[in-house]
Every structure is written in structure tokens, then in C-alpha cells.
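This report refers to the structure that appears directly beneath it.
The values are calculated or read from the model by the stated rules, or taken from the named source; none is laboratory data. Nothing here was measured: the structure is a model prediction, and the numbers come from that model. So basically every Cβ, Gly included, is an ideal-geometry build from the backbone, and we count neighbours across all protein chains shown.
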């Protein structure tokens, strides 16, 4: 009984070893002859084959409306984003009013400076047809008339004073001449009377009376001459005041004109800046394409802030990968590549086929690690993409660049064969 049991056990053992030997033989045959892909595994990222159009904020502002979504296709000129324009509109209205007011003031001052009888505005104001320009012209027309009337009144008062003074001077000149003539007559009369007194034909008392009358006439002559000089000085003073009034008026106008010119330049710049802000409050697509990298979800944006990018229509998506410099001899143009997108479900998403399209001719140093690498561009096979596999720029990719085939046995023996030369060198 035990002998039969031993025989049966031996059969089972031999059968087990036979199965093991057969399995090992099949594995060795498969490992020797079954082809497996060999190549280089690198990490990469989905990118646009051409140049993307960056959409930047032209100015600081507050977002009032975001009109697109990431991945949305847009036409050229289509609105993408709207910035709040209330401040820009207010600034433009204020700057426009100030600008046309300053422009109308300039033309009024020019007319006053040239002593024009009427204010005639240029086409820069009359052809604008803006309420700000109309209001500015009306206000400065009224101001021109008021200032001109005030100046004319002041000058006319001076002119009237000059006429009055001139009349007094003319009257005093006649009085002085008359007194001088009478004084000359009395002088002769006194001389003649003195001669008669000496001869006894006239009394001394009569001579004294004549001398007293002559002295009074001389006093009147002196008073009249003094008044004449005073009126002549007054006339000269009025002439000086007239000239100084005109000179002071022109100096005032000239100073206002210089200040006005600076104001015009300042208001013009404010208008331009406000108009620029208003024109750029609505950001439009420069080209037709797909919105990518949307980053405009806050309320406030800064000038030159990157809001989004547009991948122009017709451009392809590629995979940019970095090949370590020590593996570059395993990569060549046209090589097949298996692409695995980690953003998708790897259990249901197959590998996507691709090919090496571009290969850098020189190394680039990694900014973070300093390690050299070669930049390689991999073209994605569009036939391998489905509606569920929608690629987006920036997606991470694992790329397997194929450079031939090798057996499983060579994979297993490679560590050993790699160490044999070193081991032989140590012997």
C-alpha cells in the first residue's frame, strides 16, 4: 500500500517538474523571440505649434463683464472682456469741457491782444458741433465783450479827462497872454508916470497907485502861469496813465495767454488718455481662434496683466518635451512616439500616436536645475484624437520615443551584461 502511494507521489512530482520546465521553456522562447519596443521615456507638455496671441490688460481697471470661457472659439474682433468705463467717461467729459474752454479762451485772448473789434472763432471750434465747444464760445464771447467794454470805458474816461485838461490849458494860455500884455502896458505906464513925476506934471500918489495895480497884474500872471504848468503836468500824467493802462492790459493778456497755452496742452493729454481708456474698455479678439489660459476671474486687473491667450485658428497642438543630453543619440526626426496624457483617465484612454517633428540642434540648460537638455517637438496624430480627447495647451504628457525593438530576455540580462566589462576589468 505504501509502495503504491510512493509511486503515485513520484508521478505527481515528475508532472510538476515537467510543468515548471515546460513553462520556463515557453518563457525563455517568448523572452528570446518576442519583440518589445525600446526607447526613451520623457515628460512633456501640450503647446501650440505657432505663436499664440497674448491678450493683456491695456490699463488698470475693474472687470464689468467676462464674455468668453476657456476653450471657446471666437471670431476676429469679437468682444472678450469689458472693463468698467464710468470713470473714463467722466474723465473724458471733464477734459473735453476744459479743453474747449481753454481753446475758446486762447482765441479770445488773441483777439484782445491784437485789439480786435470782434471775436471770430476758428474752424477748430465752429466745426466741432459739441455742446462743450458751443458753451465755451458763448462764455468767451460774453467775456470778450465785457472786458472790451470795461477797457473802452476806462480809456474813454481818461480821454475825457485829457480833453478837459487840454481845454483848461488853452484857456490858461489865453489868460497868461492877456495878463502878460496888461503887465507890459502897466510897466510902460509906470515908467512914463515916473518921468512926469520927476518933472512935476504928475503926483507921487498916482504913481503909487499905478505900481500897486501893476503888482496885482503880475501876481495874476504868476498864478495863471502856475496853473498852466499844473494842467500841463496833469495832461502828461493822463497820457502816461493811458499808455500804462494799455501796456498793463496787454501784459495781463500775454500772461494769461502763456498760461492758457500750457493748459491746452495739459487738457489735450487728459482727453487723449481718457479716450484711450474708453476705447480700450472693451477688449476684442485680434484674430480668430480658441481662447486658452483664461486668467481674468478677479474684479480688478493691472496694466499689462495677461488675461488670456488666443490660439489662432488653423494652428496645431504639439507636445514639447525635454530629452536629457545623454539620451539624445536615441532620438531622431520621424521616430514614432507613444503619448500618454495623465489628465485623462488612463484606464479608459489609450495611448496616442505621434512622431518627432523637430529636434533642437544644441542643448539648453534648465533654469532650475542647470541640467542640459534638448528641446523636441512631437506632432500628435490627429486621427488618434476623439471627441472625448480634447487637448488643451499646458496639459502634462508622458512620451515614449521608440528607437527600435528588443526581446524581454535582453531587458532581463542587460544589467548583467552591462556589469561584465567592469567585472572583467577588475580581474
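Checking region 79-87 against the condition returns a match, with at least one residue being within 30 Å of residue 295 (Cα to Cα) and in a loop (DSSP other than H, G, I, E, B). The set of residues in region 381-397 that are modelled with pLDDT under 85 and crowded, with 16+ Cβ neighbours inside 10 Å comprises 391, 393, 395. With respect to being in a helix (DSSP H, G or I), under 30 Å from residue 294 (Cα atoms) and touching a residue at least 12 places away in the same chain (Cβ under 8 Å), residue 106 falls outside the description.
Within region 327-358, the set of residues being surrounded by 16 or more Cβ atoms within 10 Å (Cβ to Cβ) and under 41 Å from the mean Cα position of the chain (by Cα) is empty. In summary, residue 81 fulfils each of the numbered conditions (1) under 25 Å from residue 284 (Cβ atoms); (2) loosely packed, with under 15 Cβ neighbours inside 10 Å; (3) at pLDDT 90 or above with the single exception of condition (2).
Is at least one residue of region 296-303 surrounded by 15 or more Cβ atoms within 10 Å (Cβ to Cβ) and under 39 Å from the mean Cα position of the chain (by Cα)? Checking region 296-303: at least one residue is surrounded by 15 or more Cβ atoms within 10 Å (Cβ to Cβ) and under 39 Å from the mean Cα position of the chain (by Cα).
Residue by residue, here is whether (1) within 18 Å of residue 256 (Cβ to Cβ); (2) within 32 Å of the chain's Cα centre (by Cα); (3) assigned to a helix (DSSP H, G or I) holds:
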{"site": "115", "(1), (2), (3)": "yes, no, no"}
{"site": "120", "(1), (2), (3)": "no, no, no"}
{"site": "124", "(1), (2), (3)": "no, yes, yes"}
{"site": "128", "(1), (2), (3)": "no, yes, no"}
{"site": "134", "(1), (2), (3)": "no, yes, yes"}
{"site": "137", "(1), (2), (3)": "yes, yes, yes"}
{"site": "143", "(1), (2), (3)": "yes, no, yes"}
{"site": "148", "(1), (2), (3)": "yes, no, yes"}
{"site": "151", "(1), (2), (3)": "yes, no, yes"}
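Checking every residue in region 60-75 against the condition of being in contact with a helix residue (DSSP H, G or I) (Cβ under 7 Å, 6 or more places away or on another chain), at pLDDT below 90, farther than 30 Å from residue 260 by Cα and in a strand (DSSP E or B) gives zero matches. Just a yes or no: is a residue in region 32-51 touching a helix residue (DSSP H, G or I) at 6+ places or on another chain (Cβ under 7 Å), in a helix (DSSP H, G or I) and either at negative phi or at pLDDT below 85 (or both)? Checking region 32-51: at least one residue is touching a helix residue (DSSP H, G or I) at 6+ places or on another chain (Cβ under 7 Å), in a helix (DSSP H, G or I) and either at negative phi or at pLDDT below 85 (or both). Taking the stated definitions as given, is residue 278 within 30 Å of residue 83 (Cα to Cα), touching a helix residue (DSSP H, G or I) at 6+ places or on another chain (Cβ under 6 Å), surrounded by 12 or more Cβ atoms within 10 Å (Cβ to Cβ) and modelled with pLDDT of 85 or more? Yes; evaluated as a whole, the condition is true for this residue. The listed residues are 323, 264, and the only one of them that is under 22 Å from the mean Cα position of the chain (by Cα), touching a residue at least 60 places away in the same chain (Cβ under 8 Å) and over 30 Å from residue 157 (Cβ atoms) turns out to be 264.
The sole residue among 224, 195, 214 that is more than 60 Å from the chain's Cα centre (by Cα), farther than 26 Å from residue 164 by Cα and surrounded by 16 or more Cβ atoms within 10 Å (Cβ to Cβ) is 214. Counting only strands (runs of 3 or more DSSP E) wholly contained in region 303-366, the ones carrying 2 or more residues that are in contact with a helix residue (DSSP H, G or I) (Cβ under 7 Å, 6 or more places away or on another chain) occupy 352-359.
Of the candidates 285, 321, the single residue that is buried (at least 17 other Cβ atoms within 10 Å of the Cβ) and under 30 Å from residue 356 (Cβ atoms) is 321.
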